[in-house]
Each structure stands twice: as structure tokens, then as C-alpha cells.
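Colleague: This structure is in C-alpha cells; I'll ask about it shortly.
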Amino acid sequence: MMAVDERHTRRRVVAVCTLAAALALWPAAPRAQQAASPATSPPASTAASTAKNTNAAFTGAYHVASPIHQTLTGDWAGLRDRLDERGIEIGIEYVGEGFADVSGGIHQGTIYEGRLEVGLHLNLEKLVGWPGASFHASAFQIHGHEPSANLAGNLLTVSGIEAFPTTRLFTLWLQQELFGEKLSVRLGQLAADDEFFISETAADLVNATFGWPGLTALDMTAGGPAYPLATPGFRIKVQPNDNLAWLTGVFSGNPAGSHCAEEPQICDSSGTAFSLAGGVLVISEVQYSINQGKKAAGLPGTYKFGFWRESGSFRDQHFGVDAAEDEVSLGSGEAVAPVLQHGDFGIYAIADQTLWRLPGEGERGLNGFLRLGGAPADRNLVSFYADGGFGFKGPIPGRDDDNVVFGVAYAKISPDAIESDESAQLLSPGLPVRSYETAIELTYLAKVMPGWVIQPDLQYVIHPGGGVPNPGGGAGTIPNALLFALRTRLTF
């Protein structure tokens with residue numbers, strides 16, 4: 001029996017290693033979607049933004065660290081327990097979803113997309129005796145078609161897993177914790193949307209903007225260091241107590257590299273560019289939590305304030321120069337190059353608050369979230385952003401793990417970009433003037449069994465693209481889009 005068990009264990013190890021190797025060698029697929037980006041990358045697109053947050057989806061063994069009973073495959077006949085004792089965690093998850101555009105957008109139809117993720121987390125104290133140290137790596141196999149690019153034609157990407165179909169490395173970092181975990185330093189290929197600008201209540205929504213928001217995805221170079229483009233950098237976290245934390249991250253400014261002349265995700269389709277180009281992006285965030293712990297008298301909440309500063313050059317949204325190098329409106333038809341603004345920045349604030357709990361029912365109850373942010377109008381497509389909504393955990397008695405969430409997101413096109421459109425409209429009276437885009441979403445997460453969650457979803461997009469001409473032909477702008485989706489998440 002011992003020999004049989006050992007052979008079975010060896011086969012499982014080989015199977016896991018084979019899967020990881022297959023993912024690393026999976027060939028990339030072609031893609032036509034353009035990127036939204038500042039001066040160091042191609043012009044901004046009226047379709048989906050390139051940076052997508054992994055909201056409502058798996059983010060590797062380090063983030064989930066699912067207990068055995070929360071996976072479909074259990075403890076792998078004891079292998080998972082033995083690996084954990086040695087400081088090794090392996091996470092495997094598949095997210096698949098179908099979208100149907102039933103009205104509006106640039107095309108009515110159905111689309112499927114999916115993402116397989118493999119995550120590895122090493123506790124180096126258990127593994128090699130290095131106190132407070134850990135190593136993490138994650139990789140994706142992304143396939144299917146993108147619903148924002150192919151159906152809705154909008155800016156606030158309708159899915160948090162939407163990305164260029166390929167197999168890519170995502171994060172790869174080493175972390176050191178010191179002084180009883182009050183100080184943490186992380187170095188390597190990092191994703192800002194793992195730790196910054198996050199609302200826990202909003203994270204269960206499918207639309208990407210409720211994770212890494214449209215403000216950063218559309219204004220930062222190549223969408224910023226966020227899914228699916230992580231970038232080299234380091235992060236320092238100081239947490240003197242359970243209620244207060246301060247994080248600062250320093251990232252390479254252009255995840256796609258300085259010579260990228262096309263869609264950033266194509267320029268770095270494997271996730272191995274390790275770009276140090278495009279200047280420096282600094283993000284800093286203060287987090288304050290209240291009423292934490294089971295014995296707290298009041299309802300828990302978390303409040304955050306942050307800012308970012310990015311070096312490099314950014315296209316002015318209104319002005320360019322003509323052949324005589326005089327400043328003219330970009331919409332005048334005379335501009336041969338944009339005016340470049342040096343540096344960029346933005347600020348944001350987040351409130352995540354439990355509003356009501358059912359007496360004696362644990363975490364069952366109503367939660368609310370609100371996020372606000374802004375950036376200079378002269379060099380950013382989106383100058384003001386807001387989202388907010390509510391989530392009810394355990395809406396049905398006996399189904400405490402289910403969650404229903406409603407959210408609304410608003411992205412205002414900058415006044416400078418609007419003025420450029422108005423100049424163009426003087427030359428061509430039929431051209432529209434952009435104004436804003438709004439995304440409204442209602443979703444329900446239902447736990448079918450340990451390791452399996454299904455999620456029906458409804459989204460309505462107002463002014464797709466901010467109110468741009470309909471590329472499908474005909475007069476007017478892209479019509480408001482109504483989309484239905486069904487997502488399934490399998491954790492192995």
C-alpha cells in the first residue's frame with residue numbers, strides 16, 4: 001500500500017509540474033484592440049481600456065490561500081498538506097464567462113472568454129529558514145474574445161478578466177517582513193491593483209472599473225501596473241497596528257517598454273519584458289480601519305486616501321502645434337503633433353463601510369462603498385471618476401457565503417478633451433462631443449459547492465466610449481449597451 005500511495009503521489013506531482021510547464025509554453029494569439037495611453041504609447045482608444053483589474057477573480061495562492069475544503073480537489077491525497085508543512089502553496093483557478101450584448105453597443109451577439117491562473121507562494125522561513133521572507137509567482141493563460149472591445153465598445157471594461165489572449169507571467173516577487181510584520185518590503189514584478197485603490201465590497205462586481213478604476217486604467221501610461229501588465233518595482237508597507245497602514249509603491253512608468261508602437265499587451269505578450277522604461281510611477285495610500293475584530297462594539301469600516309505621481313511626457317488633450325509650430329486646437333485639423341505636458345498626478349479617496357448586520361448572523365448584512373478620484377484635465381482623458389454601491393452578504397437564509405452587489409461607476413471626459421471635440425465639431429457639424437461614460441451593474445455570487453462559484457451578471461453602459469461616433473456605421477454615437485453575463489469560478 002505504501003508503494004502504491006507513493007506512486008500516486010509522484011503522479012500528482014508530475015501532473016502539477018506538467019501543467020505549469022504547458023502554461024509557460026502556450027503560444028500567444030493575435031489581437032487587434034488598441035491601447036488607451038499617454039504620450040509614450042499609441043493614441044487612446046475609444047474601446048476598452050488596456051488595464052483590467054482582477055476583481056471578483058482568483059489572484060494566486062498568496063492572495064487566496066484557500067483552505068482545503070474550499071477547493072474542488074481537496075488536499076490532493078495529502079500532498080497539499082505536506083507541501084504546506086514545507087512552506088509551499090500552489091493555487092490553480094479557472095474563471096470562464098459568457099457575455100451577451102442584447103441591445104446597443106457596437107455589435108449584438110455573444111462572446112466567451114476564460115482565464116486559467118496558476119499561483120505559487122513559498123514561505124521561505126519554513127522552506128529554508130529565512131525568517132519573515134516569502135516568494136510569490138503567478139501566471140495566466142487567457143483565451144477567448146473581449147466583450148468591451150467586440151460588443152460594448154466602451155471605456156470602463158465590462159470584465160475584470162478581459163485581456164489580450166495569451167499565456168503570460170504576471171507577478172514575480174520577493175517579500176521581507178520585519179519587526180513582527182509591522183514593516184513589509186516587496187521587490188520584483190508587481191501589480192499595483194493587488195494592493196492599491198481597492199474596495200472590498202466592490203471587488204465582487206464583474207466590471208473591471210470596480211477593481212482597478214477607469215481613472216487610472218485610462219490615464220496612466222499603458223493602463224498602469226495592473227492586470228494583465230505587472231511591472232518591476234518595490235513596495236513598502238508600514239502597519240503599526242491593526243487599524244492603521246501606510247503603503248507606498250514605486251513602479252516602472254511604462255509596463256510595455258519604451259519602444260512599444262502598438263497595443264501594450266502585444267508589446268509584452270509574455271509578461272517577461274521587465275520594462276524599466278517610461279520614467280517612474282509612485283503610488284502612496286493611507287488606510288484607516290475602524291471596529292475591527294469580533295468583539296468590536298460598532299460596525300467595521302475601512303477608509304483610504306491616496307495619490308499617484310508619474311514622470312514622463314503626456315499628450316495635451318486640447319492643444320497641439322501646427323506646421324509653423326504655433327499652438328492650435330487638436331480638433332482644428334491643423335495640428336501635426338500634440339503639445340506634451342511633463343508629469344502627471346492624481347488623488348483618490350475610498351470608503352468601505354458595513355451599514356447593517358442581521359443580529360446574531362455573523363457577517364450577514366449590508367455593506368456600502370464609495371470611491372472618488374481626479375486628475376488634471378489638460379493631460380488626462382478622464383479628469384473625474386466616482387463609483388459607489390451596496391453589497392448584501394448572505395441575502396438568503398442558509399446561504400451565508402452568497403453575495404449580491406450593486407454598483408454604479410461614472411467617468412467624466414476631461415473639459416480639455418471636450419473643447420477639442422467642440423473645435424472639431426465646428427469643422428464637421430455632425431461630429432459628436434464626448435461627455436462621460438456610466439456603467440451600472442447588478443451581480444449575484446452563488447456558492448454551488450466548495451471551490452465552485454457561479455455569478456449571473458447584468459450591466460448597462462450609458463454613453464459607451466464617452467459618446468464617440470458609432471464605428472458600426474450610421475449617424476450618432478454608440479448606443480447605450482445592455483449586457484447579460486454568466487461567470488463561473490473553479491478553484492482546484
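The values are calculated or read from the model by the stated rules, or taken from the named source; none is laboratory data. Every value quoted in this text rests on a predicted model; they were computed, and no experiment measured them. No Cβ is skipped: glycine too gets one built from the backbone with ideal geometry, and neighbour counts run over all protein chains shown. For accessibility, only protein heavy atoms count, side chains too; no ligands or nucleic acids. Shrake-Rupley method; radii C 1.70, N 1.55, O 1.52, S 1.80 Å.
Colleague: Between residue 435 and residue 332, take the C-beta separation as r, use R0 = 22 Å, and let me know the FRET efficiency to the nearest 0.05.
Modeller: 0.60
Colleague: How big is the accessible area of residue 401 in square angstrom, nearest 10, if you roll a 1.4 angstrom probe over the protein chains?
Modeller: 90 Å²
Colleague: Still on this structure, please answer the following. Counting only protein heavy atoms, what percent of the accessible surface of the chain is carbon or sulfur at a 1.4 Å probe?
Modeller: Carbon and sulfur together cover 63 percent of it.
Colleague: For the full complex of protein chains and a 1.4 angstrom probe, list 267, 260 by accessible area with the highest value first.
Modeller: 267, 260
Colleague: Moving to a separate point now. Take segment 371-492, compute every pairwise Cα distance, and split them into 10 Å bins from 0; I just need the percent in each bin.
Modeller: Using 10 Å bins, I get a P(r) of 12, 29, 27, 18, 10, 3, 0 for segment 371-492.
Colleague: Any idea what angle helix 2-25 forms with the longest principal axis of the chain, computed on alpha-carbon atoms, 0 to 90 degrees, nearest 10?
Modeller: The angle comes out at about 10 degrees.
Colleague: Let me check I've understood the local charge: for residue 388, count other residues with C-beta under 13 angstrom from its C-beta, Lys and Arg +1, Asp and Glu -1. What total comes out?
Modeller: That sum, taken over residues with Cβ under 13 Å, equals -2.
Colleague: Can you give the relative contact order of segment 397-492 as a percent, counting alpha carbon pairs under 8 Å and 6+ residues apart?
Modeller: RCO, segment 397-492: 26 percent.
Colleague: At a 1.4 Å probe radius, which order do 452, 308 fall into by accessible area, largest first?
Modeller: 452, 308
Colleague: Something else: Using a 1.4 angstrom probe, figure out how much accessible area the chain has per residue, in square angstrom, rounded to the nearest whole.
Modeller: Roughly 42 Å² per residue, with all protein chains present.
Colleague: Just going by the charge dipole of segment 343-432, with Lys and Arg at +1 and Asp and Glu at -1 on Cβ, which of 382, 428, 418 is farthest out on the positive end?
Modeller: 382
Colleague: Then there is this: Would you calculate a helix-derived [θ] at 222 nm for the chain, using -39,500 (n - 2.57) for each DSSP H run of n ≥ 4 and dividing by the full residue count, to the nearest 500?
Modeller: Result for the chain: -3500 deg cm²/dmol, rounded to the nearest 500.
Colleague: Right, next: How much accessible surface area, in Å² rounded to 10, belongs to the heavy atoms of residue 311 with a 1.4 Å probe?
Modeller: 50 Å²
Colleague: If contacts are Cα pairs under 8 angstrom and at least 6 residues apart, what is the relative contact order of segment 83-136 in percent?
Modeller: 37 percent
Colleague: Related question: Please arrange 304, 294, 412 by accessible surface area, largest first, computed with a 1.4 Å probe and ligands excluded.
Modeller: 294, 412, 304
Colleague: Scan (i) 24.3; (ii) 29.1; (iii) 22.9 for the value of mean projected area of the Cα convex hull in nm² calculated from this model and give just the label.
Modeller: (i)
Colleague: Compute the signed sum of charges (Lys and Arg +1, Asp and Glu -1) over the other residues within less than 14 Å, Cβ to Cβ, of residue 283.
Modeller: Around residue 283, the charge tally is -2.
Colleague: Count charges around residue 486 for me, please; just the other residues with Cβ under 9 Å from its Cβ, Lys/Arg as +1, Asp/Glu as -1.
Modeller: Here the count lands on -1.
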